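The structure appears below as structure tokens.
The values are calculated or read from the model by the stated rules, or taken from the named source; none is laboratory data. Worth saying up front: this structure is predicted, and the values here are computed from it rather than measured. Counting neighbours? That spans all protein chains shown, and the Cβs are built from the backbone with ideal geometry, glycine included. Quick note on the areas: whole protein, heavy atoms, side chains included, nothing else; ligands and nucleic acids left out. Shrake-Rupley method; radii C 1.70, N 1.55, O 1.52, S 1.80 Å.
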Amino acid sequence: MAGTLVQALSYTALAVVAAMVGGVVAVYRAPGPQMESNVQHFAAGVVTAAVAAELLPNVHERAPTVVVVGFAVGVAAMLGVHRLSKLLEKRNFGGSFAGAAGLLIVVSIDMLIDGVLIGVTFLAEPSTGVIIAVALAIEVLFLGVTGVVVLPEDMSTPRKLAVPAAFGLLLTTGVTVGVLALDGVTGAPIALILAFGAAALLYLVTEELLVKAQKVAETPTSTTLFFVGFLSIFLLDMLH
């Protein structure tokens, strides 16, 4: 178990660093709308490839009932998180930080879920865990930027950078919990979590990354970057 945890955390460190890099970029040179859209397209392609190449083949081998339940719970959970975000925004939760509080809470929940998924995939198949960790690192890079951009402009730099640092801490916490709680567990529980994770990541791509990317006009570059992201992870999986 210790070896699996160390391996999972070592690859998760890529995402932790990515979150901090995103935060630093946002503090000193926030990307424009078109650049954000390009990154979102690329991240969407990466996550889609990770689901298609790694999670879905593993899920396909499991009992159909377990897969259906896992997908249903995953979709319900993500819809619940989205609903929570809207509710917090509507009720002006956070006072002067109301514009950021809802998003930061939702992203924090997402970080915990992603961390558990990384941990479980390393338990199920380490090679799958590597691909998922790399794919989510690119997603977390974008979230590190987003988490800082939504904060008040007059907030100090250390406090701003504490946000992506917290994302990284939550991610590693999720990994640790996933490995320690589910070590030695096989069969239906693992299949349930893999199906849950596949649904959650597909929701992230279709209802978050690509929806937000469409806030600016689609360009050939942004469309191409989706396929570049997809192909890069697909090739990594083939060569791994």
Q: Would you check the accessible area of residue 206, probe 1.4 Å, heavy atoms only, in square angstrom rounded to 10?
A: 80 Å²
Q) Across region 175-192, in residue order, what do the Karplus-derived ³J(HN,Hα) couplings come to in whole Hz, using 6.51 cos²θ - 1.76 cosθ + 1.60 with θ = phi - 60° and x for Gly and Pro? A) 4, 4, 4, x, 6, 5, 6, 10, 4, x, 7, 9, x, 4, x, 5, 4, 4
Q: Mind pulling the angle between the C-alpha long axis of helix 220-239 and the longest principal axis of the chain? Nearest 10 degrees, somewhere in 0 to 90.
A: 30 degrees
Q.
With θ taken as phi - 60° and the coefficients 6.51, -1.76 and 1.60, list the Karplus ³J(HN,Hα) couplings across region 113-130 in order, rounded to whole Hz; mark glycine and proline as x.
A. 4, 4, x, 4, 4, 4, x, 5, 5, 5, 5, 6, 7, x, 5, 5, x, 4
Q | Helical contribution to [θ] at 222 nm, DSSP H n ≥ 4, -39,500 (n - 2.57), averaged over the chain, rounded to 500 | A | -27500 deg cm²/dmol
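Can you give the Rg to Rh ratio of region 137-182, both from alpha-carbon atoms, with Rh computed by the Kirkwood formula?
Ratio of gyration radius to Kirkwood radius for region 137-182: 1.11.
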(Q) Keeping every protein chain present and rolling a 1.4 Å probe, give me the accessible area per residue for the chain in Å². (A) 47 Å²
Q: Apply the Karplus parameterisation 6.51 cos²θ - 1.76 cosθ + 1.60, with θ equal to phi minus 60°, to every residue of region 41-49 and state each ³J(HN,Hα) to the nearest whole Hz, in sequence, with x for glycine and proline.
A: 4, 4, 4, 4, x, 5, 5, 4, 5
Q. Which loop GluC sites (Glu not before Pro) in region 1-93, with loop taken from DSSP, have no more than 11 other Cβ atoms within 10 angstrom of their Cβ?
A. 61
**Q.** Largest-first principal axis extents of the Cα set of region 178-240 (Å)
**A.** 48, 29, 17
Q) Any idea of residue 111's accessible area? Nearest 10 Å², probe 1.4 Å. A) 0 Å²
Q | Relative contact order (%) - criterion: Cα under 8 Å, at least six apart; region: region 89-232 | A | 31 percent
Q: Would you mind computing the Rg to Rh ratio of region 9-63 from its alpha-carbon coordinates, Kirkwood style for Rh?
A: 1.14
Q. Over what distance in Å are the Cα centres of region 181-235 and region 144-169 separated?
A. 24 Å
